[in-house]
Amino acid sequence: MPLMIMSFNLRDGVGEEEFLRKAKEFIHYNQANVQGLGATQLYRHHGIGANRRMYQVHMEFEDFGTWDRFVALTEKDAKAAKLYRENWQELIEMRTHYDEMVKEIPL
């Protein structure tokens, strides 16, 4: 099962409680409306170094087509678009975040 990992910081002035409240709504709405979207975990890091990221989200996908369905929902569904904008674009510092898609290769 592929995994999307997003590492990020919150924007200045955004509290963790506000982010958690909106993230839960965003994640639950997407899980209910995107076929193949699996479990999502949020981690808070206490990193060291010049480019540290405070938070990390891990989202499981059934396959890479799930990502396409996820993106299509935010483009077609007004509520999904609103939740994306309110949560990811307004609360997360998008200029310094990074995403990666990983898939385990069994040995």
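The values are calculated or read from the model by the stated rules, or taken from the named source; none is laboratory data. What you are looking at is a predicted structure, and each value in this text was computed from that prediction instead of being measured. Glycine gets a Cβ as well: all are built from the backbone with ideal geometry, and neighbour counts include every protein chain shown.
Considering only residues in region 73-101 that are of a type in the set (Phe, Trp, Tyr) and under 19 Å from GLU18 (Cα atoms), the one that is modelled with the lowest pLDDT turns out to be TRP88. All conditions in (1) at pLDDT 95 or above; (2) within 25 Å of GLU16 (Cβ to Cβ) hold for VAL34, with the sole exception of (2). Here TYR43 fulfils each of the conditions (1) hydroxyl-bearing (Ser, Thr, Tyr); (2) under 30 Å from PRO106 (Cβ atoms); (3) crowded, with 17+ Cβ neighbours inside 10 Å apart from (3). Just one residue in the set GLU104, GLU75 is more than 25 Å from ASP12 (Cβ to Cβ), of a type outside the set (A, V, I, L, M, F, W, C) and in contact with a strand residue (DSSP E or B) (Cβ under 9 Å, 6 or more places away or on another chain); that residue is GLU104. Among the residues of region 1-17, those identified as of a type outside the set (Val, Ile, Thr), touching a helix residue (DSSP H, G or I) at 6+ places or on another chain (Cβ under 8 Å) and surrounded by 15 or more Cβ atoms within 10 Å (Cβ to Cβ) are PRO2, MET4, LEU10.
Evaluate the following for GLN89: is it exposed (fewer than 12 other Cβ atoms within 10 Å of the Cβ) and under 22 Å from ARG11 (Cβ atoms)? The answer is yes for GLN89.
Every condition in (1) among the aromatic types (Phe, Trp, Tyr); (2) farther than 28 Å from ILE105 by Cα; (3) at pLDDT below 95 is met by PHE70 except one, and the failing one is (2).
Could you list, in sequence order, the residues of region 26-75 that are of a type in the set (S, T, N, Q) and over 18 Å from LYS103 (Cα atoms)? Within region 26-75, ASN30, GLN31, ASN33, GLN35, ASN51, THR74 meet the criteria.
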